[in-house]
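Peer 1: Please find one structure pasted underneath; my questions will follow.
The values are calculated or read from the model by the stated rules, or taken from the named source; none is laboratory data. Bear in mind that the values here come from a model prediction, so they are computed numbers and not experimental data. Here the Cβ positions follow ideal geometry from the backbone for every residue, glycine too, while neighbour counts run over all protein chains shown. The protein model used for the area step is the full one, side chains on, heavy atoms only, and it has no ligands, DNA or RNA in it. Shrake-Rupley method; radii C 1.70, N 1.55, O 1.52, S 1.80 Å.
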Amino acid sequence: MAVYSDKVMDHFLHPRNVGEIPDASGVGTVGNPICGDVLKLYLKIEGNVIVDAKFKTFGCGAAIATSSIVTELVTGKTIEQALKISNKAVAEALGGLPKIKMHCSVLAEEALRAAIEDFHKKQASDGQKDVKKNNA
Ligand code: FES
């Protein structure tokens, strides 16, 4: 039996949305404490909708495949919908991961949350700047 599903192999060998978004609305960088692998996820958010997602991953095949699929899963979703995407959902979208590689999918979920948190922080600081401008 193959260790990885065909979909995992496809996203590992042909990852989607690799790269950076220079003017990203939010960026999430997370490291996996188990293995030291790192995922950086960039989101472009317009209004409340994720319109683009890109990633850079230094990690194993499962980390690359989960990074790739999460960019597809979140594009077109609202922030609320994206926050409901769990690492299990990411693994399921790939047709499953071997039990021993499930921890790799946690990177995708955590990077997604971190990027959205970064977006909220940027929005809050932009809001403060606007307040300062208006009070000047
Ligand atoms: Fe590190 Fe997979 S072994 S994320």
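Peer 1: Relative contact order of the chain: what whole-number percent is it, with Cα pairs under 8 angstrom and at least 6 residues apart? Walk me through the numbers on the way to the answer.
Peer 2: Working: 240 pairs, mean separation 39.8, N = 136.
It rounds to 29 percent for the chain.
Peer 1: Tell me which DSSP H helices of the chain clear both cut-offs, 30 Å or more of axial length from alpha-carbon atoms and a mean Kyte-Doolittle hydropathy of at least -1.0. Walk me through the numbers on the way to the answer.
Peer 2: Numbers: long enough: 102-135 (51 Å, -0.90).
Those that pass (Cα extent of 30 Å or more, hydropathy at least -1.0) are 102-135.
Peer 1: Hey, another quick one. Just GLY47, GLY96, GLY19 to compare: in a GNM of the chain, with alpha carbon springs under 10 Å, which one fluctuates most?
Peer 2: GLY47
Peer 1: With labels modelled as points extended 7 Å from the Cα through the Cβ direction, what inter-label distance (nm, one decimal) is found for ILE34 paired with VAL51?
Peer 2: 3.7
Peer 1: About its Cα centre, how strong a charge dipole does the chain have in debye, to the nearest 20, once Lys and Arg get +1 and Asp and Glu get -1 at the Cβ? Show your work: numbers first, answer last.
Peer 2: Numbers: 17 positive and 16 negative charges, 42 e Å.
Dipole about the Cα centre, nearest 20: 200 debye.
Peer 1: Of the heavy-atom accessible surface of the chain (probe 1.4 angstrom), what whole percent is carbon and sulfur? Don't skip to the answer; put the middle values down first.
Peer 2: Working: 4190 of 7400 Å².
For the chain, the apolar C and S fraction of the accessible surface comes to 57 percent.
Peer 1: Calculate the tail of P(r) for the chain: the fraction of all Cα-Cα distances greater than 25 Å, expressed in %.
Peer 2: Working: 2389 of 9180 pairs.
Result: 26 percent of Cα pairs exceed 25 Å.
Peer 1: A further question on this structure: Taking segment 2-69, how many lysine pairs are there with alpha carbons less than 18 Å apart, if each pair must be eight or more places apart or span two chains?
Peer 2: Values: LYS40/LYS54; LYS40/LYS56; LYS44/LYS54; LYS44/LYS56.
Final tally of qualifying lysine pairs is 4.
Peer 1: Given the protein chains as shown and a 1.4 Å probe, how many square angstrom of HIS14 are accessible, to the nearest 10?
Peer 2: Accessible surface of HIS14 is approximately 110 Å².
Peer 1: Compute the separation of the alpha-carbon centres of segment 121-136 and segment 21-76 and state it in Å as a whole number.
Peer 2: 27
Peer 1: Run down the lysines and flag those whose C-alpha is under 21 Å from the C-alpha of LYS133, throwing out any fewer than 8 positions away in its chain.
Peer 2: The qualifying lysines are LYS121, LYS122.
Peer 1: Let me ask another. Taking the Cα of VAL3, stepping 7 Å toward and past its beta carbon, and measuring to each backbone N in segment 60-77: which are under 17 Å?
Peer 2: Taking a point 7 Å out along Cα→Cβ of VAL3, the residues of segment 60-77 whose backbone N falls under 17 Å are 60-66.
Peer 1: So how long is each side of segment 29-107 along the principal axes, counting just the alpha-carbon atoms, biggest first, in Å?
Peer 2: Principal axes ranked by extent give 37, 22, 16 Å for the Cα atoms.
Peer 1: By how many nm would the segment from GLN128 to GLU92 lengthen if fully extended, with 0.36 nm per residue of separation less the alpha-carbon distance?
Peer 2: Details: separation 36, 0.36 × 36 = 12.96 nm, distance 4.04 nm.
Here the segment from GLN128 to GLU92 would lengthen by 8.9 nm.
Peer 1: Follow-up. Averaged per residue, what accessible area in Å² does the chain show with a 1.4 Å probe, protein chains only?
Peer 2: Details: 7400 Å² over 136 residues.
Solvent-accessible surface per residue comes out at 54 Å².
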